[in-house]
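Heads up, the thing below is written out as structure tokens.
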Amino acid sequence: MARITDQARQSNEAAIRAVMERLLAGDAPEGRKCDIKTLAILSGVARTGFYPKRNRDDSPRPGPYQHLADEFERRLTSLREVGEIVDPRAAQIERLKAQVAELKGRVANRGDAVAELNAFKTVALSRLAAQHDEITRLREQAAALGNVRRLPSARSGTAPYGSCI
């Protein structure tokens, strides 16, 4: 694999820094995350340049842009710690989690309201049944005594005396 020139490396670093600033400002393209992969794709640099390498004697050496990857991760972590979410997908996930929690609360409240209304319905029906039983008992009592008369029902088609019609 050919080595890159210092000028090409500086050009790549400038491109990486420009993309890093965009991503950390929350300007990630549609369908992309705020991560090293997106940083590499948008800056036009191979992603392997952001990770450590091994020499032929198996000793580790840093990747050419590993210091930029470390800086990116450090800045991204500090933004997350202060509560700023720069990744649009993560922001959407957080928004949807909050919405789900709110909807679960509403469902729980609706369940409580339904239980309360069912209890009210039960009490109302038992009161109506008790009132019906009392009316039936009073009618039977009045019929047994025989001293209560029924009023004649109104004749249809005629107005009562004193009507203005």
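Can you name the residue in the range 92-112 that is of a type in the set (A, V, I, L, M, F, W, C) and at pLDDT 90 or above and, of all such residues, is nearest to GLU30 (Cα to Cα)?
Going through the qualifying residues, I end up with LEU96.
Please work out which one of (1) within 20 Å of CYS34 (Cβ to Cβ); (2) open to solvent by less than 100 Å² (accessible area, probe 1.4 Å); (3) modelled with pLDDT of 85 or more is the condition ALA115 fails and give its number.
Single failed check for ALA115: (1).
Exactly one condition in (1) exposed (fewer than 15 other Cβ atoms within 10 Å of the Cβ); (2) under 20 Å from VAL86 (Cβ atoms) is false for GLY44; which is it?
(2)
Looking at ALA15, ALA8, which is the one that is modelled with pLDDT of 90 or more, of a type in the set (A, V, I, L, M, F, W, C) and more than 30 Å from ARG95 (Cβ to Cβ)?
ALA15
I'm trying to understand the selection: among the residues of the range 21-52, which are among the basic types (Lys, Arg) and part of a helix (DSSP H, G or I)?
Selection gives ARG22, LYS37, ARG47.
Under 6 Å between Cβ atoms, which residue pairs at least 6 apart in sequence (or on different chains) link something in the range 76-89 that is over 14 Å from ILE36 (Cβ atoms) with a partner that is in a helix (DSSP H, G or I) and small (Gly, Ala, Ser)?
ILE85/ALA91
Could you pull out the residue among ASP112, ASP70, ASP58 that is out of contact with any strand residue (DSSP E or B) (no Cβ under 8 Å at 6 or more places or on another chain) and part of a loop (DSSP other than H, G, I, E, B)?
The conditions single out ASP58.
Return a yes/no flag: does the range 149-156 have any residue that is among the hydrophobic types (A, V, I, L, M, F, W, C), in a loop (DSSP other than H, G, I, E, B) and open to solvent by less than 90 Å² (accessible area, probe 1.4 Å).
no
May I ask you to list pairs of residues, at least six apart or on different chains, whose Cβ atoms are under 9 Å apart, with the first in the range 33-53 being over 14 Å from GLN66 (Cα atoms) and the second being of a type in the set (Lys, Arg) and in a loop (DSSP other than H, G, I, E, B)?
THR38/ARG32; ILE41/ARG32; LEU42/ARG32
Tell me, please, whether a residue that is assigned to a loop (DSSP other than H, G, I, E, B), open to solvent by 40 Å² or more (accessible area, probe 1.4 Å) and in contact with a helix residue (DSSP H, G or I) (Cβ under 9 Å, 6 or more places away or on another chain) can be found in the range 6-20.
no
Considering the range 52-89 alone, what residues qualify as being open to solvent by 40 Å² or more (accessible area, probe 1.4 Å) and among the hydroxyl-bearing types (Ser, Thr, Tyr)?
Once the filter is applied, which keeps residues that are open to solvent by 40 Å² or more (accessible area, probe 1.4 Å) and among the hydroxyl-bearing types (Ser, Thr, Tyr), the range 52-89 yields THR77, SER78.
Determine whether ASP27 is modelled with pLDDT of 90 or more and open to solvent by less than 90 Å² (accessible area, probe 1.4 Å).
Spelling it out, it is not the case that ASP27 is modelled with pLDDT of 90 or more and open to solvent by less than 90 Å² (accessible area, probe 1.4 Å).
Do you know which residues across the range 96-112 are open to solvent by less than 80 Å² (accessible area, probe 1.4 Å) and more than 30 Å from ILE85 (Cβ to Cβ)?
GLY111
The values are calculated or read from the model by the stated rules, or taken from the named source; none is laboratory data. This structure is a prediction, so every number in the text was calculated from the model and none was measured. Neighbour counts run over all protein chains shown; Cβ positions are idealised from the backbone, glycine included. Please note that ligands, DNA and RNA were not included when accessible areas were found on the heavy atoms of the full protein model with its side chains. Shrake-Rupley method; radii C 1.70, N 1.55, O 1.52, S 1.80 Å.
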